[in-house]
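Every number here is computed from the coordinates shown, using simple stated rules; none is lab data. Computed from a prediction, not measured in an experiment: that's the story for all the values here. Neighbour counts run over all protein chains shown; Cβ positions are idealised from the backbone, glycine included.
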Amino acid sequence: MRLGFVGAGRIGRPMVRRLLAAGHEVRSTGRSAATRAALAEDGAHVVDAVAEVGRGADAVLVCVFSDAQVREVCLESGLLDGMPDGSVLVVHTTGSPNTAEAVAERAADHGVRVVDAPVSGGPHDVAAGNVTLFVGGSDDAVDAVRPALRSYGDPVLHVGSLGAGQRVKLVNNALFAAQIGLLANAVGLATRLGVDEGALLGALRHASGASRALDLVAARGSVAEFAASAGEFLKKDVAVARHTAAELGGGLGVLGDAWNQAFETQHPQSSGKPRGNTEKIMKVHVDDERCQGHTLCAMIAPKIFELSEIDGHSSVVVDEVPADEEQRVMEAVNSCPERAISIS
């Protein structure tokens, strides 16, 4: 297939590599000269602007960070103007179903079909070709892009019409956060019963209470440690899910309650509220050649994750760092097995 790709960052670049390895032609661009050079080295045809990415393409895949960026790329960059009649626009970014629908409404004027396909997994899953894709769209549009999606997605789950992929991903995010909240309450109960938290987490992994959430918490050693490292990241997911549910006339119900009870009250450090003085400015460097896409740094220092996914593996500036955030960034630097992160 002739493909365009926008957003070759932390998740997107391994997608590009998989597409090229599968024999697809890929046109892409990047914000920095380093990103563009890396794409060219991978074998992609690099163009100067987003508007050029879709020219002559069977499909364009968009993997940027936020809803706002999806709107900027799809509605304000001229991308749709260059896409052929009958082509397909795939949005991998997790966000509101309303955004996918707004893009589809505009795309229809250009004869372009839209598919939403948010990702569940990390860069290492993409690189291995087994990242989960929740796909929403018409049968014909999904079938048209399935060969491209299968280059890095397994399973590729067609869960309904346009916007259904986003809805399933947001439910997944809310459910995961609720499971972490339930674990926090379970640890509280165990403590009152005189059971050591480490012993509890180790035992539950071999029982009916086992889950992926439990495995992640156990790997960090305690719920408190996991909350300190990933609380802000999870809070963002919960906030998006809550906002989307409200837009659609509902709420998160007990899923939100489980998270709120455990973390909005017991673990204020994960609430996303400002902590400490904001005095330092740190420049964070992510070495694209060394980075293998492990997610531990994302869990420890979500701000590094967010910025690196927006800009690709180029130097990014993390400013207004609270005193306790500096320690978290340093932990991310020290935890990277490839030593791909450095600061100055």
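If you plug the beta carbon distance of Ser222 and Glu105 into 1/(1 + (r/R0)^6) with R0 = 51 Å, you get a FRET efficiency near 0.60. Principal axis extents of the Cα atoms in the stretch 1-143, from largest to smallest and rounded to whole angstrom, are 36, 30, 27. Which net charge results when you count Lys and Arg as +1 and Asp and Glu as -1 among the other residues whose beta-carbon is under 11 Å from that of Arg205? Spelling it out: positives minus negatives among the neighbours equals 0. The smallest convex shape that holds all Cα atoms of the stretch 5-75, its convex hull, gives 82 Å³ per residue. Positive end of the dipole of the stretch 136-221 (Cβ unit charges, origin at the Cα centre): among Ser211, Val171, Gly221, the Cα lying farthest that way belongs to Gly221.
Stretching the chain fully between Ser211 and Ala33 yields a gain of 59.9 nm (0.36 nm per residue, less the alpha carbon separation). Dipole check for the stretch 70-172: with +1 at the C-beta of Lys and Arg, -1 at the C-beta of Asp and Glu, and the Cα centre as origin, the magnitude is about 320 Debye. Annotation note: trypsin sites (Lys or Arg not before Pro) in the stretch 1-67 located in DSSP loop regions with a Cβ neighbour count of at most 15 within 10 Å are Arg31. A Cβ-based charge dipole, computed about the Cα centre of the stretch 1-114 with Lys and Arg at +1 and Asp and Glu at -1, lands at about 440 debye. Taken as Cα centroids, the stretch 145-201 and the stretch 89-136 sit 19 Å apart, rounded to the nearest whole angstrom.
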